[in-house]
Amino acid sequence: MSSPAPAILIYAAGKIITMNPSRPQATHVAVRDGRILGVGTLADLAGWGPHTLDERFAAQVLMPGLVEGHSHLMAGTLWRYTYCGCFELRDPDGRLWPGAATLDAVVAALREAEAATSGQATPVVGWGFDPIYFGSQRCTRADLDRVSTQRAVGVLHASGHILNVNTAALELAGLLRTEIAHPGIPLGADGLPTGELKGPDAMGPLFGQLGLTRSFLSGDEAGIRAFGQLAVRAGVTTATDLAATLGDDELSTLLRLTAEPGYPVRLVPLLRLIGITPKEAVARAVQLRERNTEQLRLGRIKVVADGSIQGFSARLRWPGYYNGAPNGLWYTAPETIRECYTLALQHGVQVHTHTNGDEATELALDCLQAALRQHPSPDHRFTLQHCQLADAAQFHRMRALGIGVNLFANHHFYWGDQHRATTVGPERAERMNACRTARDTGVPWAIHSDAPITPLGPLFTAWCAVNRLTASGRVLGADECVSVADALQAITLGAARSLHLDGEIGSIECGKRADFCVLDDDPESITPERLKDVRIWGTVQGGRVFQA
Ligand SMILES: [Zn+2]
């Protein structure tokens, strides 16, 4: 007995950009069982046998489903709180929220949220806060006391590395006292905390008070669904959650939701090395690998070496910050990173490491070099995330050690002006997120949004890498600009490669998953300055069609 052959669907498109150099363009793609049977002309594909011709995309452009190699599921979860960012932003339902350009506007938005839930004891939470745009004005607990003196109020910075809270929140967390000596908890003239908390260690107790635990942020059902909506709007068919706790509860939620026929994105959560030992993390990653499904890819680890440059918590090499700010923080002890790398290589577990400052990058390279001597591991696919300040010499080391890089191209637009003026100065700002150097030194590279730090949208990220424009309109580091073709490669195959998934996704070719980004405009013929304006219709993921 043989079962009937599964149906073949052939999509006709205005144009198909395949990212496969041997057949870069096509007009038709055949799909069977959620996978690509072939791509070419209708005549090429007819040989596969009886099929149905679907012409709904006949006037549109298909390209490989976009891959976001550095995002967080909390990009979906955070929308239930008050958006406090400087730039306008679209929510999962497509509604555009205005930016708050002053501290007073942020306080007003939070007061509105407080009033809407007045009488409740629940915390008032904001996110996307970016006081670097307010000049030298710092936010203190007194500012947030204007929102409420009774309820806990907390505002998470856009970088994700700093939290501002009011007096009531400090009191609830037992931190409204003198004689606190912690590098992440600055004190005011009265000896009490100012309400600013820097780094996971200092923010941790307050996250608990505000309900912002990482297991909640990345394991919440409504948030995971909202993230799926954001992905479809951005043309994304595979996305990472780059700092997941992956406890049994979060894991079962993820397994259940991603198995739903209507869930539109393949998720790749990386287990974060925070609050667990390297030994526990590697053992858990090995265990998680066994739970892999088509739509949920497990078994990788994320290490966070330092903080953020605009929050002055990144670790910089000499001569440090341009404005003289003291050097940043090690989020993970150097010896812990070395131990993690060694164990991970031993067990074939892939590690991605957040390094913002160049001292953190240097440390990660030193640790990997030592670990590789103990456990030589061809094709380990270790990847540096952000790696914003690496110089050419570090890229050559990366190439020699076989480590890839996922650069934070969106930073040029959102913080480039500040990097030039304040954090690292004009010279180093021009070489930040050095896509061209990565390409020219042969380091495998991708680019990312780090959503919700900046908005999920790989075509916008590609525009950033191509044009390197800051918010004020300055081209920052023209020598590091890349071509549209290179940028499109970075948001498809480049990101897929960083996840070791390039055998399955990242291009439209025979045998790969039927993951497409459906566009109303052609990114290859639009002028490079308008790449971010390409209209996204939706996606096809595993052969299922999702309209934004
Ligand atoms: Zn991140």
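Data for the structure
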quantity: Yes/no for residue 415 being open to solvent by less than 40 Å² (accessible area, probe 1.4 Å), more than 14 Å from the ligand (Cβ to nearest atom), outside the structural domain of residue 81 (by TED's automatic domain parsing) and in contact with a helix residue (DSSP H, G or I) (Cβ under 6 Å, 6 or more places away or on another chain); calculated: no
quantity: Close pairs from the range 140-164: first closer than 20 Å to residue 452 by Cα and assigned by TED's automatic domain parsing to the domain that holds residue 100, partner aromatic (Phe, Trp, Tyr) and away from the ligand (no atom under 16 Å from the Cβ), Cβ under 8 Å, at least 6 apart; calculated: 155/129; 156/129; 157/129; 158/129; 164/129
quantity: Residue in the range 498-517 that is assigned by TED's automatic domain parsing to the domain that holds residue 461 and in a helix (DSSP H, G or I) present; calculated: yes
quantity: Only listed residue being more than 21 Å from the chain's Cα centre (by Cα) and either closer than 26 Å to residue 298 by Cα or of a type in the set (Ser, Thr, Tyr) (or both), chosen from 425, 402; calculated: 402
quantity: Pairs where the first residue, in the range 367-394, is over 15 Å from residue 340 (Cα atoms) and among the polar types (S, T, N, Q) and the second is in a loop (DSSP other than H, G, I, E, B) and away from the ligand (no atom under 16 Å from the Cβ), C-beta under 7 Å, 6+ apart; calculated: 388/432
quantity: Boolean, residue 381 is more than 19 Å from residue 302 (Cα to Cα) and either open to solvent by 30 Å² or more (accessible area, probe 1.4 Å) or in contact with a Phe, Trp or Tyr (Cβ under 8 Å, 6 or more places away or on another chain) (or both); calculated: no
quantity: Those residues of the range 41-65 which are within 12 Å of residue 11 (Cα to Cα) and buried (at least 19 other Cβ atoms within 10 Å of the Cβ), in sequence order; calculated: 45, 57, 60, 61, 62
quantity: Yes/no for residue 475 being more than 17 Å from residue 11 (Cα to Cα), surrounded by fewer than 17 Cβ atoms within 10 Å (Cβ to Cβ) and among the aliphatic types (A, V, I, L, M); calculated: yes
quantity: The lone exception for residue 68 - which of (1) buried (at least 20 other Cβ atoms within 10 Å of the Cβ); (2) more than 16 Å from the ligand (Cβ to nearest atom) it fails; calculated: (2)
quantity: Counted residues, the range 235-259 - those being within 16 Å of the ligand (Cβ to nearest atom) and at positive phi; calculated: 1
quantity: Residue in the range 376-401 that is nearest to the ligand (Cβ to nearest atom), counting only those that are of a type in the set (D, E, K, R) and closer than 17 Å to residue 347 by Cβ; calculated: 381
quantity: Out of 342, 422, 355, sole residue that is β-branched (Val, Ile, Thr) and within 16 Å of the ligand (Cβ to nearest atom); calculated: 355
quantity: When residues of the range 177-204 are limited to those that are closer than 19 Å to residue 148 by Cβ and not charged (D, E, K, R), the one surrounded by the fewest Cβ atoms within 10 Å (Cβ to Cβ); calculated: 192
quantity: Test for residue 461: is it open to solvent by 30 Å² or more (accessible area, probe 1.4 Å) and polar (S, T, N, Q); calculated: no
quantity: Matching residues, the range 430-466, being more than 16 Å from the ligand (Cβ to nearest atom) and among the charged types (D, E, K, R); calculated: 430, 431, 436, 439, 440
quantity: Residue in the range 96-118 that is away from the ligand (no atom under 16 Å from the Cβ) and touching a residue at least 60 places away in the same chain (Cβ under 8 Å) present; calculated: no
quantity: Qualifying positions in the range 428-455 - within 15 Å of the chain's Cα centre (by Cα) and more than 16 Å from residue 386 (Cβ to Cβ); calculated: 455
quantity: Condition check for residue 484: surrounded by fewer than 24 Cβ atoms within 10 Å (Cβ to Cβ), under 15 Å from residue 66 (Cβ atoms) and in the same structural domain as residue 389 (by TED's automatic domain parsing); calculated: yes
quantity: Checking residue 361 against (1) open to solvent by less than 20 Å² (accessible area, probe 1.4 Å); (2) more than 16 Å from the ligand (Cβ to nearest atom), the condition it does not meet; calculated: (2)
quantity: Long-range neighbours under 7 Å by Cβ, at least six apart or interchain, first residue within 19 Å of residue 21 (Cβ to Cβ) and outside the structural domain of residue 495 (by TED's automatic domain parsing) within the range 40-65, second small (Gly, Ala, Ser) and loosely packed, with under 15 Cβ neighbours inside 10 Å; calculated: 61/14
quantity: Tally of residues being surrounded by 22 or more Cβ atoms within 10 Å (Cβ to Cβ) and of a type outside the set (A, V, I, L, M, F, W, C) across the range 84-122; calculated: 1
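The values are calculated or read from the model by the stated rules, or taken from the named source; none is laboratory data. All figures in this text were calculated on a predicted structure; none of them were measured in a lab. Note that each Cβ is placed from the backbone with ideal geometry, even for glycine, and that neighbours are counted across all protein chains shown. The protein model used for the area step is the full one, side chains on, heavy atoms only, and it has no ligands, DNA or RNA in it. Shrake-Rupley method; radii C 1.70, N 1.55, O 1.52, S 1.80 Å.
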